[in-house]
Amino acid sequence: MRIGKIKKNFWTDKKVVVTGGNGFLGKHLVKNLKRLHPKKIAVPLYPKFDLRNFRDCVSAFSGADFVIHLAANIGGIGYNQEHPAELFDDNLLMSVNALRAAKKTGVQKFIGIGTVCSYPKFTPVPFKEKNLWEGYPEETNAPYGLAKKMLIVQSMAYRIQYGFNSINIVLVNLYGPGDNFDPKSSHVIPSLIKKFIEAKKNNSNEVIVWGSGKATREFLYVEDAAKGILLACEKYNSSDPVNLGSGSEITIEKLASLISKIVGFGGKLKFDKTKPDGQPRRRLDISKARREFGFRAKTKFEYGLEKTVTWYLSQL
């Protein structure tokens, strides 16, 4: 399969709105988008634009050709446990109103970003797009995952009834420079990086890691994700969801050991089995993205982790 290439001339006459464009993924996507010199890039920011409000979405999207909808209320397992109602309400309202507003304002194409959290708890590995509809998500992920899954249903319905062009990209966990390191809401990689750096600084003998360490996760470097989304914008035109990932999984235990080595922490790992593992395994079947728009993740995992650690240390 030939690796897909982004075409600059595709974007030259496009006015693009990127919701969540000031977030982790958004900043990387906007940076890559600027290199393509579209006619205009707009990033609607809260509180001027509250995307849970339909009228604010209409105002934000007026005159746009493409809307890339990255905005989301999102966090790690602890955040999911503490804020299930907000995660469901915020993400459902943003998604429903964003797609409604895109249709109303005459947007040519809407790019919705879904999540691996939408997959059923016990999905056969690797996760195929057809498996999305075969069961209920892992409990701590369900409010967020189901709210995001409803955007796929809405997208399909709008294509059938209105002929509206929207696509749905299902992402795995992202990582990289600029990630969220707030311990209250961060995902596993920034959480572990922060723990190991602080433990090394404080000469601690051990670092406590949530769960058994046996669960697996798949990670995609944020720059790869940004480029994959832009490729899909150009080349993919179906409401059927498409997975975007690296195609590799790693246990949390091995991940913690790798981060410990990169940081230079010399102590022990202790797994707190009273804390949840979340979904037992995660790895996507990424063959559809390769086939439909030639996406292949380029960044080696350990190199991406090193870049992330280096960036975080530069911010201290």
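Values in this text are rule-based calculations from the coordinates and carry no lab data. Note that the coordinates shown come from a computational prediction; the quantities given were computed from them, not determined experimentally. Reconstructed Cβ throughout: ideal geometry from the backbone, glycine too, with neighbour counts over all protein chains shown.
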**OP:** Using the charge dipole of the chain (Lys, Arg: +1 at Cβ; Asp, Glu: -1 at Cβ; taken about the Cα centre), state which of Asn202, Gly76, Val309 has its Cα farthest towards the positive end.
**Re:** Val309
Subject >> Amide H contacts under 5 Å for Ile41, placed H, 5+ residues apart >> reply: Val16
**OP:** With everything on Cα atoms, drop me the angle between helix 188-201 and the longest principal axis of the chain, reported from 0 to 90° to the nearest 10.
**Re:** 40 degrees
Original post:
If the label point is 7 Å along Cα→Cβ of Asp89, which residues in the stretch 28-68 have backbone nitrogen under 17 Å from it?
Top reply: 50-54
Original post:
Measuring from centroid to centroid over Cα atoms, what is the spacing of the stretch 1-31 and the stretch 218-297 in Å?
Top reply: 20 Å
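Most exposed first by the Cβ proxy, i.e. fewest other Cβ within 10 Å, how do Tyr175, Tyr236, Tyr312 rank?
Going from least to most buried by this count: Tyr312, Tyr236, Tyr175.
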**OP:** Could you tell me what fraction of 2.2 N^0.38 Å the Cα radius of gyration of the chain comes to, as a two-decimal ratio?
**Re:** 0.98
Subject >> Fraction in percent of alpha-carbon pairs per bin - 10 Å, the stretch 275-316 >> reply: 21, 25, 38, 16, 0
**OP:** Express in nm, to one decimal, how much length is gained between Glu198 and Lys7 on full extension, taking 0.36 nm for each residue of separation and deducting their alpha carbon distance.
**Re:** 64.4 nm
**OP:** State the Kirkwood hydrodynamic radius of the stretch 246-316 in Å, one decimal place, computed from all pairs of distinct Cα atoms.
**Re:** 14.9 Å
Original post:
What fraction of the Cα pairs in the stretch 176-316, stated in percent, has a spacing above 26 angstrom?
Top reply: 30 percent
Subject >> Computed [θ] at 222 nm, deg cm²/dmol, the chain (DSSP H ≥ 4; -39,500 (n - 2.57); rounded to nearest 500) >> reply: -13000 deg cm²/dmol
Subject >> Rule-of-thumb Rg ratio for the stretch 154-204 [Cα; 2.2 N^0.38 Å; N residues] >> reply: 1.99
Original post:
Once both axes come from the Cα atoms, what is the angle between helix 24-34 and the longest principal axis of the chain, in degrees from 0 to 90, rounded to 10?
Top reply: 50 degrees
Subject >> Ordering of 298-305, 283-290 by packing [mean C-beta count within 10 Å, highest first] >> reply: 283-290, 298-305
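Among Ile169, Ile41, Ile208, which comes first, second and so on when ranked by fewest other beta-carbon atoms within 10 Å?
Listing Ile169, Ile41, Ile208 from fewest to most nearby Cβ atoms yields Ile208, Ile41, Ile169.
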Subject >> Note, ³J(HN,Hα) from phi for the stretch 104-115, Karplus 6.51, -1.76, 1.60, rounded to Hz, x at Gly and Pro >> reply: 4, 8, x, 4, 6, 8, 10, 10, x, 10, x, 9
Subject >> Relative packing of 102-112, 132-142, which averages over residues the other C-beta atoms within 10 Å, highest first >> reply: 102-112, 132-142
Subject >> Span from the the stretch 87-156 Cα centroid across to the the stretch 46-72 one, whole angstrom >> reply: 18 Å
**OP:** Could you pull the Cα extents of the stretch 1-131 along its three principal axes, largest to smallest, in whole Å?
**Re:** 44, 43, 24
